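Novice: What follows is a single structure, and I will ask about it in a moment.
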Amino acid sequence: MTHTKFPAAVLLIPFLLNLCRVHADGFRNPPAGAAALGRIGGRIAYTEDATAITHNPANLVDLTEPSLLGALTFGYSKMEFEGPAGTAESKSPWAVLPNMYAVRPVPEEGRWAFGVGLNSPYGRSTELDEGSIFRFAAPYYTQLLSVELLPTFATRLNDRLAFGFSVNLLWSELDIRQSYPWALALQTPGLPDGKTKFQADGAGIGATLALTWKVAENQRLAVSYRSPIKVEYEGDLDVTEIPEGAPAAARSDFETEITFPMVVAVAYGIQVTDRLLLETNVEWARQSSFDKLELDAGVNTPLLPSNVIDTDWGDNWTYGISAAWKLNQDWQLRTGYIYLESPVPSRTMLPTTAEQSQGVWSIGAGYFQGSHRLDFAYSLGLFSGRQVDDNENPLFNGKYDFEAHLVSVSYGYHF
C-alpha cells in the first residue's frame, strides 16, 4: 500500500472554501423584517419599526412607545449546473431566518431610546447529492449559521441630528460534510469511500454606528458603519473508513477563522407627500477581508497539500431604490429594487459558493390596527445565469443557473 498526501481536489482544501450557500452579497443574509424586505432597495434613512436596530440604530428615537417585533423570513434557493463533466443541482432549498427586537424609549424625554435585537446576519446552507459529479471535489453538505445579539441605544443630538450605536455580539457555527475517496488518495483500488465531517463554532464582537440627519422637514440623509467581525472557529474533524496504516486520524482538532465584512451605507429619503415615501441606498462591503483561509487540522495538518487557501473575494457594492405608499389609515404598500454585485471571482468559485451579480425586486404591505402591526413581503431574484470558464478546477467550469425567492412576515406590538 502506497501512502500519499491527500490530493488537493479532495477533503479539506476544497470543502472549507464552501462555507455557505450564498447569493450575490457574499456572506450576508437578506434584510431583517418584512417591512425592510418590502423596501429592499431603500430602508436605512426611514426605518419605521424596531428593525432599526439592524438597519439604522439612530432611527430608534423615532419610536415613541415601547415595542416588540418578531419576524420570520422563508427563503427558497436553488442552483443548477451544466458542464462538460455532467450536471448537478442543489437539494433541500428551504431555509428559515428568525429575528426578534425590543425597543424602549425613555419616557417623557423623547431624546433617548434603548433596544435589543436578535438576528441572523450571515449564513445559508447548500446540499448536493452525495453521488454528484462534485462528490470528491466539493462538499455535499455545507452550512454556516449565525446568531447576533444587538444591545443598542440612540439619542437625538439636536432637532435635526440623531445618533445610534449597537454592540454586535456574534456567534457562528460551521457544519461541512464531504465524501472521501480512499482508493484515489492511497492509490489502492477497491477501498471504500469515507466521509469527513467538520463541525466548529466561535464568537466575535463588533459595533454599528449610525447618523440620521433631517436635511429638511421632509428629507433625510443617513450614514451607517458596521465594523468587521473576526470569528475564530474551533471544533473537530471526523474521518471515517480509514484503511489500516493510512496517514490519518479518525478525529483531529480543527481551527480556522473568518472575518465578516465591514459595511458602509449612505441613504437618502424624501417624503414626497403625506402618502408617498421614496428612498435610495448605496452600500459598500469590504468582502476582500475574506482573501484566504488558513487551516489548522491538528494532527492531520501535515497531510494537507497547503494550509493556506486563496479565496480572493472582492469588495462589492449594492445600489437600491424603494417606495412606500400610504393607502389609508390601516394599509401601506411597498416596493423596492436592489442590484447586488457578487464578490466571488469565477477563478475560485465552487459549486457551493456559486453566485452571480443580480437584481432583486420586492413587494410588500403593512397593516396597522391599534397597537398591532402586521407586515408581509415577497422578493424575487433576477438571474441570467453565470458562465464559468477560468476556474482553477476545470470540473467547476460550466453554466450555473439560479432561482431564489424570499417570503417574510413580521408582527409588532407597541405598548
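The values are calculated or read from the model by the stated rules, or taken from the named source; none is laboratory data. Not measured: the values here are computed from a predicted model. As a convention, Cβ positions derive from the backbone with ideal geometry for all residues, glycine included, and neighbour counts pool all protein chains shown.
Novice: Could you list, in sequence order, all residues of region 9-65 that are modelled with pLDDT under 90, within 22 Å of Arg286 (Cβ to Cβ) and not acidic (Asp, Glu)?
Specialist: Leu16, Leu17, Asn18, Leu19, Cys20, Arg21, Val22, His23, Ala24, Gly26, Phe27
Novice: Do any residues in region 389-415 that are closer than 25 Å to Gly75 by Cα have Cβ atoms under 8 Å from those of residues that are assigned to a loop (DSSP other than H, G, I, E, B) and among the hydrophobic types (A, V, I, L, M, F, W, C), where the two are at least six apart or on different chains, and which pairs are they?
Specialist: Filtered contacts from region 389-415: Tyr400/Ala354; Asp401/Phe383; Phe402/Ala354; Phe402/Phe383; Glu403/Phe383; Ala404/Phe383; Gly412/Ala50.
The rows are residues; the columns are (1) surrounded by fewer than 24 Cβ atoms within 10 Å (Cβ to Cβ); (2) touching a helix residue (DSSP H, G or I) at 6+ places or on another chain (Cβ under 7 Å).
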{"residue": "Gly33", "(1), (2)": "no, no"}
{"residue": "Ala36", "(1), (2)": "no, yes"}
{"residue": "Arg39", "(1), (2)": "no, no"}
{"residue": "Ala50", "(1), (2)": "no, no"}
{"residue": "Thr54", "(1), (2)": "no, no"}
{"residue": "Glu65", "(1), (2)": "yes, no"}
{"residue": "Ala71", "(1), (2)": "no, yes"}
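Novice: Among the candidates Leu150, Leu174, Leu169, single out the residue that is in contact with a strand residue (DSSP E or B) (Cβ under 8 Å, 6 or more places away or on another chain), closer than 30 Å to Arg135 by Cα, assigned to a strand (DSSP E or B) and of a type in the set (A, V, I, L, M).
Specialist: On inspection, the qualifying residue turns out to be Leu174.
Novice: So Tyr268 fits all but one of (1) in contact (Cβ under 8 Å) with a residue 40 or more places away in the chain; (2) farther than 30 Å from Gln329 by Cβ; (3) not in a helix (DSSP H, G or I); (4) not small (Gly, Ala, Ser); what number is the exception?
Specialist: It fails just one condition, (2).
Quick grid of which residues meet (1) part of a strand (DSSP E or B); (2) over 14 Å from Gly38 (Cα atoms); (3) modelled with pLDDT of 95 or more:
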position: Val299; (1), (2), (3): no, yes, no
position: Thr318; (1), (2), (3): yes, yes, yes
position: Ala324; (1), (2), (3): yes, no, yes
position: Gln332; (1), (2), (3): yes, no, yes
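Novice: Which numbered condition trips up Gly123, out of (1) touching a residue at least 60 places away in the same chain (Cβ under 8 Å); (2) surrounded by fewer than 21 Cβ atoms within 10 Å (Cβ to Cβ)?
Specialist: Only one criterion in (1) touching a residue at least 60 places away in the same chain (Cβ under 8 Å); (2) surrounded by fewer than 21 Cβ atoms within 10 Å (Cβ to Cβ) is unmet by Gly123, namely (2).
Novice: Here is a list: Glu403, Glu392. Which entry is surrounded by fewer than 21 Cβ atoms within 10 Å (Cβ to Cβ), at pLDDT below 95, under 21 Å from the mean Cα position of the chain (by Cα) and not basic (Lys, Arg)? Working first, answer last.
Specialist: On the way: Glu392 fails: under 21 Å from the mean Cα position of the chain (by Cα).
Residue meeting the stated conditions: Glu403.
Novice: Separate question: Only one of (1) buried (at least 18 other Cβ atoms within 10 Å of the Cβ); (2) touching a strand residue (DSSP E or B) at 6+ places or on another chain (Cβ under 7 Å); (3) β-branched (Val, Ile, Thr) is not met by Val344, so which one is it?
Specialist: For Val344, the exception is condition (2).
Novice: Out of curiosity, is Tyr378 more than 30 Å from Ile258 (Cα to Cα), in a strand (DSSP E or B) and among the aromatic types (Phe, Trp, Tyr)? Reasoning before the result, please.
Specialist: Values: more than 30 Å from Ile258 (Cα to Cα): yes; in a strand (DSSP E or B): yes; among the aromatic types (Phe, Trp, Tyr): yes.
The answer is yes for Tyr378.
Novice: Follow-up. Which residue is farthest from the chain's Cα centre (by Cα), if the candidates are limited to region 120-147 and must be part of a strand (DSSP E or B) and among the aromatic types (Phe, Trp, Tyr)?
Specialist: Looking at residues that are part of a strand (DSSP E or B) and among the aromatic types (Phe, Trp, Tyr), I get Tyr141.
Novice: Could you please find all residues in region 267-281 being surrounded by 16 or more Cβ atoms within 10 Å (Cβ to Cβ) and over 16 Å from Ala216 (Cα atoms)?
Specialist: Those that are surrounded by 16 or more Cβ atoms within 10 Å (Cβ to Cβ) and over 16 Å from Ala216 (Cα atoms): Thr280, Asn281.
Novice: Only one residue in Phe368, Phe415 is in contact with a Pro (Cβ under 6 Å, 6 or more places away or on another chain), surrounded by fewer than 23 Cβ atoms within 10 Å (Cβ to Cβ) and over 26 Å from Ala285 (Cα atoms), so which one is that?
Specialist: Of the residues listed, the single one that is in contact with a Pro (Cβ under 6 Å, 6 or more places away or on another chain), surrounded by fewer than 23 Cβ atoms within 10 Å (Cβ to Cβ) and over 26 Å from Ala285 (Cα atoms) is Phe415.
Novice: Could you go through region 210-226 and let me know if any residue there is in a strand (DSSP E or B) and touching an Asp or Glu at 6+ places or on another chain (Cβ under 6 Å).
Specialist: Within region 210-226, not a single residue is in a strand (DSSP E or B) and touching an Asp or Glu at 6+ places or on another chain (Cβ under 6 Å).
Novice: Still on this structure, I have one more. Within region 173-187, does at least one residue satisfy the condition of being out of contact with any Gly (no Cβ under 6 Å at 6 or more places or on another chain), surrounded by fewer than 17 Cβ atoms within 10 Å (Cβ to Cβ) and of a type in the set (Val, Ile, Thr)?
Specialist: At the first step, the residues of region 173-187 found to be out of contact with any Gly (no Cβ under 6 Å at 6 or more places or on another chain) are 173-179, 181, 183-187.
Those still in the list that are surrounded by fewer than 17 Cβ atoms within 10 Å (Cβ to Cβ) too: 183, 187.
Now narrow it down to the ones that are of a type in the set (Val, Ile, Thr): none.
No - not one qualifying residue is present in region 173-187.
Novice: Could you go through region 88-107 and let me know if any residue there is part of a strand (DSSP E or B), surrounded by fewer than 17 Cβ atoms within 10 Å (Cβ to Cβ), acidic (Asp, Glu) and free of Cβ contacts under 8 Å to residues at least 60 places away in the same chain.
Specialist: Within region 88-107, one or more residues are part of a strand (DSSP E or B), surrounded by fewer than 17 Cβ atoms within 10 Å (Cβ to Cβ), acidic (Asp, Glu) and free of Cβ contacts under 8 Å to residues at least 60 places away in the same chain.
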